[in-house]
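Beneath this line is the structure, given in structure tokens, with notes to follow.
Derivation of every value follows stated rules applied to the coordinates shown; laboratory data play no part. Quantities reported herein were computed from a predicted structural model and do not represent experimental measurements. Reconstructed Cβ throughout: ideal geometry from the backbone, glycine too, with neighbour counts over all protein chains shown.
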Amino acid sequence: MLHSNLAEALAYPHGIDRYIELVRPLQVKGEMRAEVTGVHHQTAKSVTLTLAPSENWRGLRAGQFVGVSVVIDGVRETRPYSPAGSEHERNGTLELTVSTHPEGKVSRHLRDQAQPGMIVGLTAPQGQFVLPDPRPERVLLISGGSGITPVMAMLRTLCDEGYSGEIGFLNYARSPQLALYSGELAQLARRHHSLHVARGFTQGRAQGLKGRFGRKHLRAAGVDHRTAATYVCGPPTLIESVRALWAADGLKQPAVETFTAPVQRFETVAATGAVHFLASERTATNTGLPLLEQAEDAGLRPNHGCRMGICNTCATRKTEGTVRNIITGALSSACDEQIRLCVCVPVGDVALDL
Ligand SMILES: Cc1cc2nc3c(=O)[nH]c(=O)nc-3n(C[C@H](O)[C@H](O)[C@H](O)COP(=O)(O)OP(=O)(O)OC[C@H]3O[C@@H](n4cnc5c(N)ncnc54)[C@H](O)[C@@H]3O)c2cc1C
Ligand code: FES
């Protein structure tokens, strides 16, 4: 009834969502949302949220991520998060485990402010960091820090499916106090004989694997890495070490995902031209940095999420000029095209609808 043409006509000119928003914020039809129904703190630096999505939510595959939006000081901020729950979660809820960054806006807001009843925005799920169908014979899941979330989703999904192949789960945290999902991982390992859990602590003298990823740690994960479908999520240093070991063994590279952009250097000295921010009527000298940073330096606040070309939150229309994609190196000169500001640097004059 609320979404009928009649209701829409009666609500003209504002649209029915404007009124539904006031009484039932989860039922607006133009946007996907979720209500926080549970909040708990596994560690001092993280928060785990249970989210009940609105009716228009269609589920996701374990390992995918969603954009989560919150309003902070009147500004809507969106960040990608990989739900950690099984894709077969019976009541359709999502679980997010958010680790805080010392100066992070959204992660600290969620840790400190999230309460049952809070409404957040959700985007459709994205990402190819997912288990194949049919499932492989053995699976190796390697993670570090907050990167545990997508592989936890894969592990829980496999356990829910009664998967009988071998699973190795190798996870790194700084210390046992900062380790996520410790109790559940121990329980799953007791229940599933083909699951081997190995935990490494990079600081202190806690029991477990010491130091950083290497061949010895791989053996502790209990599955043959040469024949296992391998998924790695963690900081760029962990991913580089895994890639190097796979290359040394002549193996096909594993599937990887990172939550933090690798540090990049940019050619700023030779930059030429100007960046025209048309909607804001501002012009800045091209500094050679990615356009997201140039826009922020010019005092604008473009929407952004991952800052590394994954989530599409910063997509903006370029009306003129050439940009270079810093990941692929490709140049693009088309007029009226959507570009991702976080991974495009201008080559000469560029005009943006921003
Ligand atoms: C695919 C994907 C999935 C993810 N899943 C998870 C997950 O499950 N759990 C999780 O905890 N995190 C996840 N993340 C990370 C998450 O999206 C956020 O990046 C994280 O929560 C930090 O956001 P924030 O708003 O708190 O920090 P921000 O305010 O965005 O800041 C993050 C860091 O960047 C620095 N920074 C901010 N602005 C600038 C700037 N202009 N220039 C340079 N540096 C700057 C800050 O100092 C800080 O150290 C995921 C990321 C991706 C890409
Ligand atoms: S901020 Fe995610 S693609 Fe640019």
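Between VAL71 and HIS193, how high is the FRET efficiency from 1/(1 + (r/R0)^6) when r is the Cβ-Cβ distance and R₀ = 41 Å? Nearest 0.05. Please list the in-between numbers first.
Working: r = 47 Å, r/R0 = 1.15.
Computed FRET efficiency for VAL71 and HIS193 comes out at 0.30.
Place a label point 7 angstrom from the Cα of ALA255 along the Cα-to-Cβ direction, then list the residues of region 166-189 whose backbone nitrogen is under 20 Å away.
Residues 166-172 fall inside that zone.
Any chance you could list P(r) for the chain, counting all Cα-Cα pairs in 20 angstrom bins from zero, rounded to whole %?
P(r) for the chain, in whole percents per bin: 26, 52, 21, 1.
Report D for region 274-352 in µm² per second (integer): Stokes-Einstein, Kirkwood Rh on Cα pairs, 20 °C, 1.002 mPa s.
On the way: Rh = 12.1 Å.
D, rounded to a whole number, is 177 µm²/s.
Work out which GluC sites (Glu not before Pro) in the chain are exposed loop sites (DSSP not H, G, I, E or B, at most 13 other Cβ within 10 Å) and give the longest gap free of them. Present the calculation step by step, with values, prior to reporting the outcome.
Numbers: sites that count: GLU55, GLU103, GLU137, GLU161, GLU267, GLU281.
It runs 162-266.
Return the Cα extents of region 209-354 along principal axes one, two and three, sorted largest first, each rounded to a whole Å.
For region 209-354, the Cα extents along the three principal axes come out at 59, 27, 26 Å.
For region 159-174 and region 217-273, write down the distance between their C-alpha centroids in whole Å.
19 Å
Using helices alone, what [θ] at 222 nm do you get for the chain, with -39,500 (n - 2.57) per DSSP H run of 4 or more residues, divided over all residues and rounded to the nearest 500? Show your work: numbers first, answer last.
Working: 8 runs with 72 residues, N = 354.
Value at 222 nm, helices only: -5500 deg cm²/dmol.
Between GLU103 and VAL263, what FRET efficiency follows from the Cβ-Cβ distance if R0 is 22 Å, with the result rounded to 0.05?
Once the sixth-power term is evaluated, E becomes 0.85.
What is the gain in length, in nm to one decimal, between SER332 and LEU300 on full extension, counting 0.36 nm per residue of separation less the C-alpha to C-alpha distance?
On the way: separation 32, 0.36 × 32 = 11.52 nm, distance 2.35 nm.
Stretched fully, the SER332-LEU300 segment lengthens by 9.2 nm.
Can you list the trypsin sites (Lys or Arg not before Pro) in region 61-167 that are in a DSSP coil and have 11 or fewer other beta carbons within 10 angstrom?
On the way: sites: ARG61, ARG76, ARG90, LYS105, ARG108, ARG111, ARG138, ARG156; in loops: ARG61, ARG90.
For trypsin sites (Lys or Arg not before Pro) across region 61-167 that sit outside H, G, I, E and B with at most 11 neighbouring Cβ atoms in 10 Å, the list reads ARG90.
Take THR313, THR287 and order them by how many other Cβ atoms sit within 10 Å, fewest up front. Please report the intermediate quantities before stating the final value.
On the way: THR313 22, THR287 16.
By the 10 Å Cβ count, ascending: THR287, THR313.
When only C-alpha pairs under 8 Å and at least 6 residues apart count, what is the relative contact order of region 31-122, in percent? Provide the component values of the computation, followed by the final result.
On the way: 181 pairs, mean separation 35.8, N = 92.
Computed value for region 31-122: 39 percent relative contact order.
With everything on Cα atoms, drop me the angle between helix 236-248 and the longest principal axis of the chain, reported from 0 to 90° to the nearest 10.
The two axes meet at around 60 degrees.
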